Structures are given as C-alpha cells and as structure tokens.
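Visitor: This is the structure I want to talk about, given as structure tokens.
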Amino acid sequence: MDQRQRICEALKQQHRLAELKLGLERRQWPEWLMVIDLYRAREQGMREGFKALAATSGLSTATAFRRTVEMIDAGMLDRKADPDDRRRSLVSLSDRTRCRMDHIMDELGDILKN
C-alpha cells in the first residue's frame with residue numbers, strides 16, 4: 001500500500017477510533033477537531049483557551065464554549081484558570097482522554113506504517 005492509500009485508510013479509521021475510544025459520534029466532528037488540537041497542544045507544551053478551540057472547530061465562540069463545557073462535564077477535558085490572567089480559562093485533555101488519544105494515535109500510526 002502506498003503512502004497516500006495509507007493516509008486515506010487512516011483518515012477513514014479516525015471516526016471509528018474516535019467513537020470507540022472517546023465516545024464521539026460522527027456528528028461530533030467539531031469536538032473531534034478540538035480534541036486533536038488539545039492533544040497536539042499538549043505535545044508541544046502549549047496551552048489553549050476557548051477562543052482557540054472555537055477557531056479550530058469552525059464553530060462560533062458561543063457554541064464552541066457550550067460544547068467544551070459539555071466535554072468538561074463528561075470528564076473528557078479539564079478546565080483551570082489561566083495563571084497569567086484569572087479572567088481566562090485554559091482547557092486541556094483529561095488524563096483519561098489523553099491516554100485514549102495515545103492509543104488512537106498509535107493505531108493510526110500503525111495504519112500509516114503498514
């Protein structure tokens with residue numbers, strides 16, 4: 001299988017893995033994009049706020065905020081005050097979600113290798 005076919009296969013599998021490992025349904029594409037962005041940010045030592053997640057998801061700031069709060073309430077994400085600006089909140093993956101994302105990335109990586 002050539003590289004492009006492996007990438008296509010990984011892209012097809014991402015929904016199945018997001019649903020199995022994180023409980024996100026196909027209609028929750030914006031949430032999946034937010035989780036990917038938070039995973040990437042953590043790996044790069046970056047911090048994310050609600051406005052950045054709204055931009056990533058393609059949702060309005062208000063809708064992204066509501067969806068993010070739902071994910072916090074479900075235990076998928078953690079929220080804490082920004083130490084540099086207490087009016088602002090930072091969002092990160094919960095330990096459980098980060099671990100599940102590690103598994104998803106490993107599975108997608110295996111698809112790309114084979």
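Visitor: Looking at the structure I just gave you, is L17 over 15 Å from I72 (Cα atoms) and open to solvent by less than 20 Å² (accessible area, probe 1.4 Å)?
Guide: So L17 passes the test.
Visitor: Which is exposed (fewer than 13 other Cβ atoms within 10 Å of the Cβ) and either at pLDDT below 90 or not charged (D, E, K, R) (or both), of A62, A41, A52?
Guide: When all the criteria are applied, what remains is A62.
Visitor: Identify all residues within region 94-106 that are farther than 17 Å from L17 by Cα and under 11 Å from the mean Cα position of the chain (by Cα); write none if there are none.
Guide: S94
Visitor: Select from region 20-38 the residues that are open to solvent by 70 Å² or more (accessible area, probe 1.4 Å) and part of a helix (DSSP H, G or I) and list them in ascending order.
Guide: L20, R26, R27, W29
Visitor: May I ask you to verify whether S94 is closer than 30 Å to R4 by Cβ, open to solvent by less than 30 Å² (accessible area, probe 1.4 Å) and among the hydroxyl-bearing types (S, T, Y)?
Guide: Taking the combined requirement at face value, the residue does not satisfy it.
The values are calculated or read from the model by the stated rules, or taken from the named source; none is laboratory data. What you see is a predicted model, and the numbers here were worked out from it, not measured in a lab. Glycine gets a Cβ as well: all are built from the backbone with ideal geometry, and neighbour counts include every protein chain shown. Heavy atoms of the whole protein, side chains included, go into the accessibility calculation; ligands, DNA and RNA do not. Shrake-Rupley method; radii C 1.70, N 1.55, O 1.52, S 1.80 Å.
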